[in-house]
Amino acid sequence: MNMVIKCLLAALWLLAVPWAAGGTVFYKSKKKSMGMYLLAGYLLMFSVAELMILPMMWAKLSLHILEYSFAGVMAVAAVAGFIFMCREKRMSGNGEKKHMETSVYFWIAAVLIIFQLAVASFLAHMDADDAFYVATATTSVHTNTIFSINPYTGYAYAHLPSRYVLSPFPVFLAVVSSLCGFHPAIVAHMIFPAVFIFMAYVVLYQYAKKWFPEQKNARGIFMIFCAVLIWFSGYSIYNSENFQMIRIWQGKACLASVFLPLLLYLGCCIILEKQREYTWLLLLMADISCCLLSSMGIILACIMLVVLMVMGLVRFRSLEKAACTALCCLPSLILGAIYIVIR
C-alpha cells in the first residue's frame, strides 16, 4: 500500500501537476493541445526550480524549505491552470467536439514507445556519472541541505563547484524524491526515464503536427520512424538518441533529448513565423529550463536563440522580434557572467 501511495505521488508531481500548471501559460491562447500543456507545465516547473534553488542555495537554506516552497508554488499554478482549463472548456462547450486525428500507424508507434519506456525503466543502465549526480541528490535528502555536501567525501564544500552550481538539476531530483517519498536513485533510474522519454516523444509529435498538419498517417509513420531510429541509436555514445535511451535522468541527457529540441520548435513557431504561434513567455522559460539542466544548456540555449534571431532578422527584418529574442537570452547571459566571476 505504501508503494502504491508513492507511485501515485510520483504521477501527481511529475504528470498531473505540470499538465495542469500548463493551463496557466496557455490561458486564452488559441493554439494548445494536451501535449503542449504538459510541455509548458514542465517549462514552468523547471523555471520555478531554477529561480528558487539558486538564491536558497547561496543563502544556505534547508532542502525542506525549498521543497515546501516549490510544492506550494506549483500547487497554486496547477489549481489555477485547472480552473482556467475548466472555464475555457465550459465557455466552448456549445462548439463542435473535436475528434482525435489518429491512425493505425500512430497506435503502432505508441506500442513501440511504451515498450521503450518499460525497458528504460526496468533495465536501467548504471552510469559512472551517477557517482556525482545521483549521489548529490541523495546527500541533499539525507542531510537536508542544498548543494552543501561533497558527495565524494561527505565533507562540506569549501567552495561550491562552479561547473555544476548554476545548473542544480540534482537538487531538483532531491526535491522530487522528497515529495514522492522514493529514494533519489529510484526516481532517477526508474521514474525519470519513463517521464522524460515520454516527453521527448511528445516534443517529436509537435514537429509531426507542424510538418504534416493534414496527414494523420504521415504523423504516425513519422513517429514510428523516430521510435525505430532512437531504438537502434547505439552506434555512437555521443548522439542525443543514445543519451535518451541510456541515461535520460541526467540533466545533460534530458537537455539533448527533450529541451533543446523543444527550444528549437518554439523558436521556429515564434521567431521564424510571421504571426507567432505561442507566447514569448514559453521561449523565456525554455531558456531558463535549459540552464537548470546543465551548464552546457546555458551556452547552447543562448547560441540556438541567437542563430534563430539572426534568421528571423534576415527573413522579416523585425527589430521587435530581435529584441524579444534577446530578452529571452538574458537568463543564459546572466548565468554565464556569474560563472565567469565565480570561476
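Just one of the listed residues (Phe46, Phe82) is in contact (Cβ under 8 Å) with a residue 24 or more places away in the chain, of a type outside the set (A, V, I, L, M) and within 18 Å of Leu281 (Cα to Cα), namely Phe46.
Residues checked against (1) more than 21 Å from the chain's Cα centre (by Cα); (2) in a helix (DSSP H, G or I); (3) not small (Gly, Ala, Ser):
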| position | (1), (2), (3) |
| --- | --- |
| Thr102 | yes, no, yes |
| Phe106 | yes, yes, yes |
| Val111 | yes, yes, yes |
| Phe115 | yes, yes, yes |
| Val134 | no, yes, yes |
| Ala137 | no, yes, no |
| Thr153 | yes, no, yes |
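Just give me the residues in segment 263-278 being outside any helix (DSSP H, G or I) and surrounded by fewer than 18 Cβ atoms within 10 Å (Cβ to Cβ), in sequence order. Result: Leu272, Glu273, Lys274, Gln275, Arg276, Glu277.
Examine segment 55-78 for a residue that is at pLDDT below 95, crowded, with 17+ Cβ neighbours inside 10 Å, farther than 28 Å from Leu292 by Cα and of a type in the set (A, V, I, L, M, F, W, C), and state whether such a residue exists. No: zero hits. Going by what's in this entry, would Leu335 be described as in contact (Cβ under 8 Å) with a residue 40 or more places away in the chain, within 25 Å of Phe172 (Cα to Cα) and within 15 Å of the chain's Cα centre (by Cα)? No, not satisfied.
Residue check: Ala286 meets all listed conditions (1) among the aliphatic types (A, V, I, L, M); (2) within 17 Å of the chain's Cα centre (by Cα); (3) modelled with pLDDT under 95 but one, namely (3). Ala337 meets the conditions (1) on the phi < 0 side of the Ramachandran plot; (2) out of contact with any helix residue (DSSP H, G or I) (no Cβ under 9 Å at 6 or more places or on another chain); (3) modelled with pLDDT under 90 in every case but one. The failed one is (3). Taking the criterion of being without any contact (Cβ under 8 Å) to a residue 60 or more places away in the chain, of a type outside the set (Ser, Thr, Tyr) and part of a helix (DSSP H, G or I), the residues of segment 227-253 that qualify are Leu229, Glu241, Asn242, Phe243, Gln244, Lys252, Ala253. Selection over segment 34-63 of residues that are part of a helix (DSSP H, G or I), among the small types (Gly, Ala, Ser) and over 12 Å from the mean Cα position of the chain (by Cα) gives a count of 1. The residue that is surrounded by the most Cβ atoms within 10 Å (Cβ to Cβ), among those in segment 303-318 that are touching a residue at least 24 places away in the same chain (Cβ under 8 Å) and hydrophobic (A, V, I, L, M, F, W, C), is Leu305. Of everything in segment 235-257 that is among the polar types (S, T, N, Q) and over 24 Å from Ala208 (Cβ atoms), the residue that is surrounded by the fewest Cβ atoms within 10 Å (Cβ to Cβ) is Ser236. Among the residues making up segment 56-80, a single one is over 24 Å from Val165 (Cβ atoms) and not aliphatic (A, V, I, L, M): Gly72.
The rows are residues; the columns are (1) at pLDDT 90 or above; (2) surrounded by fewer than 18 Cβ atoms within 10 Å (Cβ to Cβ); (3) assigned to a helix (DSSP H, G or I).
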site: His142; (1), (2), (3): yes, yes, yes
site: Ile146; (1), (2), (3): yes, no, no
site: Arg163; (1), (2), (3): no, yes, yes
site: Ala185; (1), (2), (3): yes, no, yes
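Here Ile342 passes the criteria (1) touching a residue at least 60 places away in the same chain (Cβ under 8 Å); (2) within 23 Å of Ser240 (Cβ to Cβ) except the one numbered (2). When Val310, Val306 are screened for being assigned to a helix (DSSP H, G or I), out of contact with any Gly (no Cβ under 8 Å at 6 or more places or on another chain) and farther than 29 Å from Gln250 by Cα, only Val310 passes. Checked across segment 117-126, the condition of being at pLDDT below 85, farther than 28 Å from Leu38 by Cβ and not charged (D, E, K, R) holds for at least one residue. Just one of the listed residues (Leu260, Leu204) is more than 15 Å from Phe106 (Cβ to Cβ), surrounded by 14 or more Cβ atoms within 10 Å (Cβ to Cβ) and under 14 Å from the mean Cα position of the chain (by Cα), namely Leu260.
The values are calculated or read from the model by the stated rules, or taken from the named source; none is laboratory data. The structure displayed is predicted, hence computed values, not measured ones. FYI the Cβ positions are ideal-geometry reconstructions off the backbone, even for glycines, and counts take in every protein chain you see.
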